[in-house]
Amino acid sequence: MREPWFADVRSAIAFSASDIRYRDQAVDGMEGSFDVAGDLLTVQRLNVSRRQNNLSIRGSYHLPQDLRLAAAQDMQVDVALSAPELGDFWVKPSPDKVSGPLQLWAQVERKHGVVNGGLTVFASKLTTRDLVIKQLNAQCPIWNNAVYVNDFTAALNERDFVAANGIVDLAAPHRYRGRFNSSRCCARSVTRTNWLARS
């Protein structure tokens, strides 16, 4: 029987870089370390910093014997973003610049084709172009290949908001169902829409 291509792979990689620029974006520092032992690739740490903003990633991935199955392999990833000011990532004026504080935590694990985990996002006073979001909240646990949007709320001011909740199936054919609510103070109305598709 033919051995997998990664059978005798053993390696450890560490790197660091500073003062990184890409178009309008800037990063003060990036450093990380990776280990490979057989089919297991482990990201021990990957940290990206810009002033007081910090992005941290850790995780693992099982290399496939058949590269056509790469997207279905077992994996685990933890992501944490603490950004007191997202606008620091832009070094010059840009129409795509997003300003304001943002906190994000995500943990996702896929094992034997089943995905579990969760995502939490919190932001306030986000601005981009002509849009201002006074507060943004999102809580999305993931269980048994389904994303449960328990809460998604974007408040534009004291009265205007957009809110949604629902369930999205990650497995084909990706059935979903949920509810979308919006309120516009200028029209003094609330619209509610239920959607149901492929379920």
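The values are calculated or read from the model by the stated rules, or taken from the named source; none is laboratory data. These figures come from a predicted structure and were not determined experimentally. Cβ coordinates were reconstructed from backbone atoms using ideal geometry, including for glycine residues, and neighbour counts include every protein chain displayed.
The set of residues in the stretch 1-15 being assigned to a strand (DSSP E or B) and loosely packed, with under 10 Cβ neighbours inside 10 Å consists of R10, S11.
Sub-7 Å Cβ pairs linking a first residue in the stretch 74-103 that is farther than 28 Å from G117 by Cβ and part of a loop (DSSP other than H, G, I, E, B) to a second residue that is at pLDDT below 95 and acidic (D, E), at least 6 apart or interchain, are V91/D24; K92/D24; S94/D24, ordered by first then second residue.
If you go through the stretch 50-68 and keep only what is part of a strand (DSSP E or B) and not basic (K, R), you end up with N53, N54, L55, S56, I57, G59, S60, Y61, H62. Can you spot a residue in the stretch 27-36 that is surrounded by 13 or more Cβ atoms within 10 Å (Cβ to Cβ), more than 22 Å from the chain's Cα centre (by Cα) and farther than 17 Å from Q103 by Cα? Yes; the residues of the stretch 27-36 include at least one that is surrounded by 13 or more Cβ atoms within 10 Å (Cβ to Cβ), more than 22 Å from the chain's Cα centre (by Cα) and farther than 17 Å from Q103 by Cα. Taking first residues from the stretch 135-159 that are loosely packed, with under 15 Cβ neighbours inside 10 Å and partners that are charged (D, E, K, R) and outside any loop (DSSP other than H, G, I, E, B), the Cβ contacts under 7 Å between residues at least 6 apart in sequence or on separate chains come to N145/D169; N157/K134. Modelled with pLDDT under 95 and surrounded by 13 or more Cβ atoms within 10 Å (Cβ to Cβ), is that true of W90? The answer is yes for W90. Is one or more of the residues making up the stretch 166-179 of a type in the set (V, I, T), modelled with pLDDT of 90 or more and either part of a strand (DSSP E or B) or touching a Cys at 6+ places or on another chain (Cβ under 6 Å) (or both)? There is at least one residue in the stretch 166-179 that is of a type in the set (V, I, T), modelled with pLDDT of 90 or more and either part of a strand (DSSP E or B) or touching a Cys at 6+ places or on another chain (Cβ under 6 Å) (or both).
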